[in-house]
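Trainee: The following block contains the structure, expressed as C-alpha cells.
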Amino acid sequence: MPRKVTINMVAKQAGVSRGTVDRVLNQRPHVKPELHERIVKAMKELGYVPPREDQAKALGLAVPSLQPSVLGVLLSNEKGHFRNEIMRGIRDVQALLADYSIEVLIEECETNLPSEALERMDHLLEQGACGIAICAIDHVKIAEKIDELYEKNIPVVTFNSDISNCKRLCFVGEDVVSGGRVAGELVSKYIGPDDTLLVAIGNPEFNGHRLRLQGFCERIYEKGFSGGQMELIETYNDYSLTYRKVREVLERVPGIRAIYMANHSVTGCVDAIHEVGREGEIFVVSHDLTDSTKRLLKSGDVDFAIAQDIYHQGYRPLWVLRNYVQKHMEPSDETDKTSIDIICSENLGTFT
C-alpha cells in the first residue's frame, strides 16, 4: 500500500523547508516564483493531495475526497477514573467523526500481556482499521508491530504512555518526566536533608510510570537527596497491594516523612498511614484528580495532587489520525503535550 504523501515528503522532494511548502499551500506571500514552481512540481510528481478543496484548486492538484474510514482504539486494562475520562474523550470525538464518515472501533485489554495487545491490534486491523490509537505497555514486540504498520502506511498514535523506539505518528499525553519533576520539587520542599521518603509506582512496564519515576528522582537528586533516602515499591494500581506494601514500609522504616504516590491506589496508601497512626505526620503527593483523591485532598490526607488532562488524551489521538488518514496532514510535533496542574485543598474547587 503506497504511503500517503505528506508536506514533509514534498519539502524533501523540492529541497525546501516544511514552512515554505506550507506558505505555498496556503497561498501566503513572500515565496520566490522559482521556489513556488518547484514546490508545485514536487506536489504533482508525488501525487500530493492538499487537505482542503480550495488549496487543491488554487494549485491545480487533485481535490481531496473524504472516503469512509475505520479507526481503532486499543485501551490498557486500567479501570476507574482513567478509563472513565479516556472514554469520555473518545465518545465526544467519536460523535464528531461520524460526520466525516469515520467509524471508531474500541478494543479493551484485560491483562498487561504484550501478546493480548498484539492480538487486539490484529483484530482491529481485521475489521478494517486504517489507523490505531493505543495505550499499552512499553514492549519491544509492540514497538515492532507499530513499525510493521508504518511500512504498510497504517499510522499509530500512542497516548497516555508512550512506546519507545518505534515509528508511531505522535504521542498524546502528559510530559511524564516533567510531571515527576514537579512532584520531586513539591516533596523536596517538605522533607529535611536526613529524612526518608517512600515512592510507590504502578507498573514499571508502562513507559509513563517509568519516566514519571525518572523525573521525580532527577529533581530529588538535584536537591541534594540520595537514593539511600528512598524506599521504592511497585503496587500495580491495586488497593490491597498498595495498602500492604505501604504499611510494611512504614512499620519497618519509622523515619518516613513523605510519600510520593505515582500510581492510582492513593486510598490504600492513606488507609495504611491511618492504620499505623501516622496521619497528619506524612506529606503525601499523588497524581490524577479522581473522586477519591478529591475527597482525600479535602480531608487533608493528601497534600497535593498533580493532575493531567486525561479527557484530551482520549479525544486528541483520533482527531490526529483523522487528519492524517483523510487529509494527509501530519501532526506538527511528535508529542502533543497535555497540561500539568498542581492541586491542593484551596484550589480544588476550580478543577471540579
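Trainee: Run the numbers on the chain and let me know its relative contact order in percent, using alpha-carbon pairs under 8 Å that are six or more apart.
Mentor: The normalised contact order for the chain reaches 18 percent.
Trainee: Report the trypsin sites (Lys or Arg not before Pro) located in the stretch 210-245 that are in a DSSP loop and have at most 12 other Cβ atoms inside 10 Å of their Cβ, or state none.
Mentor: Numbers: sites: ARG210, ARG212, ARG219, LYS223, ARG244, LYS245; in loops: LYS223.
In loop regions of the stretch 210-245 (DSSP not H, G, I, E or B), there are no sparsely surrounded trypsin sites (Lys or Arg not before Pro).
Trainee: Moving on to the next point. Assuming R0 = 35 Å, what is the FRET efficiency of MET329 and THR350, from their Cβ-Cβ distance, to the nearest 0.05? Each step should come with its number before you reach the end.
Mentor: Details: r = 34 Å, r/R0 = 0.98.
Efficiency at R0 = 35 Å is approximately 0.55.
Trainee: Rounded to two decimals, what is Rg over Rh for the stretch 100-163 when you use alpha-carbon atoms and the Kirkwood radius? Present the calculation step by step, with values, prior to reporting the outcome.
Mentor: Numbers: Rg = 11.3 Å, Rh = 12.1 Å.
Rg divided by Rh gives 0.93.
Trainee: Choose one answer from LEU59, LEU149, LEU75: the residue with the largest mean-square fluctuation in a GNM of the chain with alpha-carbon springs under 10 Å.
Mentor: Residue with maximal mean-square fluctuation among LEU59, LEU149, LEU75: LEU59.
Trainee: Continuing with this model, one more query. Express as a percent, rounded to the nearest 5, the fraction of DSSP beta bridges in the chain (both residues included) that run antiparallel.
Mentor: Once the DSSP bridges in the chain are tallied, antiparallel ones form about 10 percent.
Trainee: Considering the stretch 41-195, what Rg and Dmax in Å follow from its alpha-carbon atoms?
Mentor: Reported Rg and Dmax, both Å: 19.9, 71.
Trainee: Based on Cβ point charges of +1 for Lys and Arg and -1 for Asp and Glu, what charge dipole magnitude is obtained for the stretch 120-275 about its Cα centre, in debye rounded to the nearest 20?
Mentor: Details: 17 positive and 23 negative charges, 32 e Å.
Once rounded to the nearest 20, the dipole reads 160 debye.
Trainee: Let me ask another. Please give the contour-minus-distance gain from LEU105 to HIS36: 0.36 nm per residue of separation, less the Cα-Cα distance, rounded to one decimal in nm.
Mentor: Values: separation 69, 0.36 × 69 = 24.84 nm, distance 4.12 nm.
Gain in length upon complete extension: 20.7 nm.
Trainee: If contacts are Cα pairs under 8 angstrom and at least 6 residues apart, what is the relative contact order of the stretch 23-84 in percent? Working shown, then result.
Mentor: Details: 35 pairs, mean separation 13.4, N = 62.
About 22 percent, as a whole number.
Trainee: Next question. Give me the 1.4 Å probe accessible area per residue for the chain, excluding ligands and nucleic acids, in Å². Each step should come with its number before you reach the end.
Mentor: Details: 15830 Å² over 352 residues.
It amounts to 45 Å² per residue over the chain.
Trainee: Write out the trypsin sites (Lys or Arg not before Pro) in the stretch 109-172 meeting two conditions: DSSP loop, and at most 12 other Cβ atoms within 10 Å of their Cβ.
Mentor: Working: sites: ARG120, LYS141, LYS145, LYS152, LYS167, ARG168; in loops: LYS152, LYS167, ARG168.
The qualifying sites are LYS152.
Trainee: Also: Considering only protein heavy atoms and a 1.4 Å probe, what is the carbon-and-sulfur percentage of the accessible area of the chain? Working shown, then result.
Mentor: Details: 7620 of 15830 Å².
Here carbon and sulfur together make up 48 percent of the probe-accessible area.
Trainee: Among ASP138, ASP303, ASP333, determine the one that fluctuates most according to a GNM of the chain built with springs between C-alpha atoms less than 10 Å apart.
Mentor: Of ASP138, ASP303, ASP333, the most mobile in the Gaussian network model is ASP333.
Trainee: From the phi angles alone, apply the Karplus equation (6.51, -1.76, 1.60; θ = phi - 60°) to the stretch 161-176 and give each ³J(HN,Hα) in whole Hz, x where the residue is Gly or Pro.
Mentor: With coefficients 6.51, -1.76 and 1.60, one gets 10, 7, 10, 6, 6, 9, 9, 6, 5, 6, 10, 10, x, 5, 6, 5 Hz.
Trainee: In a Debye calculation with equal point scatterers on the alpha-carbon sites of the stretch 196-306 and no solvent, what is log10 I(q)/I(0) at q = 0.16, 0.18, 0.24 Å⁻¹?
Mentor: The Cα Debye sum returns log10 ratios of -0.66, -0.85, -1.51.
Trainee: Too long at a 23 Å Cα-Cα cut-off: which of LYS79/LYS167; LYS12/LYS32; LYS79/LYS245; LYS4/LYS57? Kindly include the intermediate steps, with their values, before the conclusion.
Mentor: Values: LYS79/LYS167 28 Å; LYS12/LYS32 17 Å; LYS79/LYS245 21 Å; LYS4/LYS57 19 Å.
Where the Cα-Cα span goes over 23 Å, the pairs concerned are LYS79/LYS167.
Trainee: Still on this structure: Compute the distribution of all C-alpha to C-alpha distances in the chain, in bins of 10 Å from 0, and list the percent of pairs in each, rounded to whole numbers.
Mentor: Histogramming the chain at 10 Å steps yields 5, 23, 27, 20, 14, 8, 3, 0 percent.
Trainee: If you rank LEU74, LEU241 by how much accessible surface each has, with a 1.4 Å probe, what is the order from largest down?
Mentor: Details: LEU74 0, LEU241 35 Å².
Correct descending sequence by accessible area is LEU241, LEU74.
Trainee: So which lysines can LYS223 reach, going by Cα to Cα under 22 Å and dropping same-chain residues fewer than 8 places off?
Mentor: Straight-distance partners of LYS223: LYS189.
The values are calculated or read from the model by the stated rules, or taken from the named source; none is laboratory data. This structure is a prediction, so every number in the text was calculated from the model and none was measured. Counting neighbours? That spans all protein chains shown, and the Cβs are built from the backbone with ideal geometry, glycine included. When the accessible area is computed, the model is the full protein with side chains, heavy atoms only, and any ligands, DNA or RNA have been set aside. Shrake-Rupley method; radii C 1.70, N 1.55, O 1.52, S 1.80 Å.
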